[in-house]
Amino acid sequence: MTKVLSVEDLGVTFALHESEVRAVNDLNFSLEAGETLAVVGESGSGKSQAFLSIMGLLAKNGRTSGRAMLGDVNLVGMEKSRLDRIRGKDIAMIFQDPMTSLNPSLRVKTQLAEVLVKHRGFDKGKAEKAAIEMLERVGIPEPVKRANAYPHEMSGGMRQRVMIAMALLCQPKILIADEPTTALDVTVQAQMLDLFKSLTEDFGTSLVIITHDLGVVAGVADRMMVMYGGRAVEKGTVDDLFYDPRHPYTLGLLHSTPHIAQRAARLDPIQGLPPSLEHLPKGCSFNPRCAFCFDRCLEERPPLMPTESGREKACFYEGPLKYGKVA
């Protein structure tokens, strides 16, 4: 398959008043054409900042290092004017809160048409017609009526569909969805995930889903990258990581997720809190919360290493991981 995105040694640093904090460290991954990659981790793991840096959308005190190759073009360090021509056209992002991402003072059709006028040179009439067709494509009923509405006149699920329509108008090579189902009820979540699956198949778009919810990943993603403390700690196919996790953090995330078939009196969450990126523990960042920790984990930070099954993990522990031993 063809690689559409290749990320090498990506780092994200934020300057604070008296110090710097590394939000992302030495991140390496690739994305194939038509593939869906899930990036999973708790809040503060660095997953959103990694992709905001690729898009050139970090806060003013943020700095990106490494390379993010979109084909043969490096997005890191690219001048803003050139990046503006790529964003929305070749790589698009759906943000977590559609209400704050849409302009409340403009009708939906105006905001959608602007994308086509800017990136594809459509005139206003043609752009608005294409926008209405895309609203229908993403499952919005009465698309003409909704196109003439303002964002506040729509439900959360409708606004999320508008954001998806906007992102897909230019048929980008890569679509990044940051926590796309967080504010939606479970019925709308299921509809949204089915929509993602069908649209990526129809358009051949590569999809990145950034989430802390493993329920979102199952049945949608092909591969999964688990992040903790600003680093990737396990990578592999969704089936491998769901049915045979090799990193204690991945196991903990799975064990913290409710299962219909495994009725229990209470969930068994990972104990403790994610580390402060300003004060990461010595050795493995997960060692204060890990039931499988031993002396080496307290002194050395494990690199991301390939395993015999073709996946990668950043863990020194080689024994079997059992649910009963999760911290």
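Odds and ends about this structure:
- Farthest toward positive dipole pole in the chain [+1 Lys/Arg, -1 Asp/Glu at C-beta], among SER256, GLY272, GLY157: GLY157
- Kyte-Doolittle mean at least -1.0 and Cα axial length at least 15 Å: DSSP H helices in the chain: 108-120, 124-137, 156-168, 186-203
- DSSP-defined beta bridges in the stretch 131-234 - what % are antiparallel, rounded to 5: 40 percent
- Beta bridge orientation in the chain: antiparallel %, DSSP, nearest 5: 60 percent
- Taking a sphere under 9 Å around the Cβ of ALA314 and counting the other residues whose Cβ falls inside, with K and R at +1 and D and E at -1, yields a net charge of +1.
- Rounded to the nearest 20 debye, dipole of the chain from Cβ charges on Lys, Arg, Asp, Glu: 680 debye
- Virtual spin-label span in nm between LYS118 and SER6, 7 Å along Cα→Cβ: 3.0 nm
- The per residue volume of the convex hull around the alpha-carbon atoms of the stretch 106-166 is 67 Å³.
- If you plug the beta carbon distance of ASN103 and GLU133 into 1/(1 + (r/R0)^6) with R0 = 22 Å, you get a FRET efficiency near 0.55.
- Highest average packing first - 106-119, 229-242, 304-317, Cβ atoms within 10 Å: 229-242, 106-119, 304-317
- Dividing the convex hull volume of the alpha carbon atoms of the stretch 159-277 by its residue count gives 138 Å³ per residue.
- Its convex hull of Cα atoms gives the chain a direction-averaged projected area, equal to a quarter of the hull surface, of 18.2 nm².
- Packing around the peptides 8-17, 44-53, 200-209, 154-163, taken as the average count of other Cβ atoms within 10 Å per residue, puts them in this order, highest first: 44-53, 154-163, 200-209, 8-17.
Throughout, read-outs are computed from the coordinates displayed, never taken from laboratory work. Treat the numbers as computed from the prediction; the structure is a model and nothing was measured. All Cβ positions, even for glycine, are placed from backbone atoms using ideal geometry, and neighbour counts span all protein chains on display.
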